[in-house]
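The values are calculated or read from the model by the stated rules, or taken from the named source; none is laboratory data. All figures in this text were calculated on a predicted structure; none of them were measured in a lab. In this analysis, Cβ positions are derived from the backbone assuming ideal geometry, glycine residues included, and neighbour counts consider all displayed protein chains. Protein only, heavy atoms only, side chains kept; ligands, DNA and RNA dropped before computing areas. Shrake-Rupley method; radii C 1.70, N 1.55, O 1.52, S 1.80 Å.
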Amino acid sequence: MKNEKRGEFKSNFGIMMAVAGSAVGLGNIWRFPYMLGENGGGAFLILYIVMVAAVGLPLVVGEFLIGRATHRGVVGSFRRLAPGKPWVGIGYLAIVTGFTILGFYSVIAGWTTRFLTEAVANNFANQSASEITTSFNGFVQSGWQPILYALGFCVLCAWIVGRGVERGIEKFNKILMPSLIVLLVLLALNSMRLDGFSAGMEFLFKPDFSKITSKTVLDALGQVFFTLSIGMGVMITYSSYVKRDENLPRSKAIVAVIDTSIAVVAGIAIFPAVFTFGIAPSEGPSLVFLTLPNVFAQLPAGYFIAIAFFAMLLIAAITSAISILEMMTAYAIEEFRISRRAAIVYISAGVFLLAVLSALSQVKDLNISLFGLNIFDFLDTLSSNYLLTLGGLFTALFVGWAFDVKLLRKTFTSNGRYSVGFYRPFLFVIRFVVPVGVAMIFLSKIGIL
Ligand code: PHE
């Protein structure tokens, strides 16, 4: 099909929810607690918050400027702004990153779906902490069960993205995001009743700076990129559908605050329970899944809360996964002139293949690994700590140094209407602070600094 019409978001609230929906996902509720737990707690939180403000927010704005100036997908944008230059490589990098992230993301989303079905069947109620762990391990080690759930998730996301920008993405996000926030706050309030509340709070909020190493810093940076959906053109793609002149820096600051708050609220909901039930904070990717069912089992209305929580986590995963899928779909439609449906089918098939590999690599008996990590951990670390941060580094360099300055200013201020005073500080940060900061973190990780 030729000339597939480009979609557009219809309302400012819809855009905001779609962007927040992309940002808020498994990254906040599953990944943030497990990264924080592996990296010693409070000090990681501080690093993370500083980097959200200094690196994350400027890059969200930077990506929005690119999409707004071009109304193209991730590859087309760079091609249009810098024809014949190597910057377009950032676009191709984004596509690779999209596959690597969805390859493990859909597995975790599949775990979430499995927990949702367990919750509906009321299976947590009579289980002890060790029984919950055993049943979870049985599920992961079966190999085929996580694959089946991941398949279900891929099909669902493909269906939503297939409906297009306004009917699919905007509509779903508008309903799903607000309900997510309400549920999470309720869960955090409930944490105050747990025995481990003060131990959990101490772990989360009392920094121990001796825990900071070059790994911690890179992990925190990777988490910032992952959680804000930056460094891979998702924000470029979403902003290319925005027709209205909104106040860009302000609306993106709101999204960054929402995203960070949700991660912190998730931490408040989870760490008291971790300490109450004697689970190791450094448990890894299964942390949330092993911890929370114990909380639900003990609660008077636990049956309903469990269902609500896993439904919410699944929703968060969907709204994020569809943003990645949309980024890749927009690219394929523009680049190969194929229909939206065909693009989605090919891309989802590729994603599912990777999901199969990462699910199987968690089966201990099969011993599938790459560079000493199982494929799941490999994809997770590779994408967040390296691909996203590199994508972000080059995007910052592009916006700061290669983007036509007049056009940049015009796009940033919506033709002089908003945030004129923020333009210069933004330019300084995107030119110097972001590239130098990210480069230094890399160099110190590989031992040069
Ligand atoms: N930000 C999403 C989350 O926190 C994940 C994501 C990463 C989405 C990169 C889009 C791009 O779960």
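Here are the numbers for this structure:
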quantity	calculated
Subset of K211/K445; K10/K406; K85/K445; K171/K252; K85/K215 violating a 25 Å alpha-carbon distance limit	K10/K406; K85/K445; K85/K215
Accessible carbon and sulfur surface of the stretch 32-123 relative to its total accessible area, %, 1.4 Å	67 percent
Value at 222 nm in deg cm²/dmol, rounded to 500, when DSSP H runs of n ≥ 4 in the chain each add -39,500 (n - 2.57)	-22000 deg cm²/dmol
Exposure ranking of K85, K174 by accessible area [1.4 Å probe, largest first]	K85, K174
Formal net charge of residues neighbouring Y241 (Cβ-Cβ distance under 12 Å; K, R +1; D, E -1)	+3
Span-like helix ranges in the chain, DSSP H, alpha carbon extent 24 angstrom or more, Kyte mean at least 0.0	88-120, 144-162, 171-191, 248-276, 302-336, 340-360
Residue of Y105, Y423, Y34 that the Gaussian network model of the chain assigns the largest fluctuation, springs spanning Cα pairs under 10 Å	Y423
Fluctuation leader among P83, P58, P272 - the chain, Gaussian network, Cα springs under 10 angstrom	P83
Accessible surface, per residue, of the chain when the full set of protein chains is kept, probe 1.4 Å, Å²	38 Å²
Burial order of peptide ranges 113-123, 90-100, 383-393 (average beta-carbon count within 10 Å, highest first)	383-393, 90-100, 113-123
Unit Cα scatterers, Debye sum, the stretch 328-394: log10 I(q)/I(0) for q = 0.12, 0.28 Å⁻¹	-0.46, -1.03
Radius 15 Å from Cβ of W159, net charge of other residues (Lys, Arg +1; Asp, Glu -1)	+4
Summed residue charge, Cβ within 14 Å of A273's Cβ, Lys/Arg positive, Asp/Glu negative	-1
Cα gyration tensor, the stretch 170-306 - rounded (a/c under 1.5), prolate or oblate	oblate
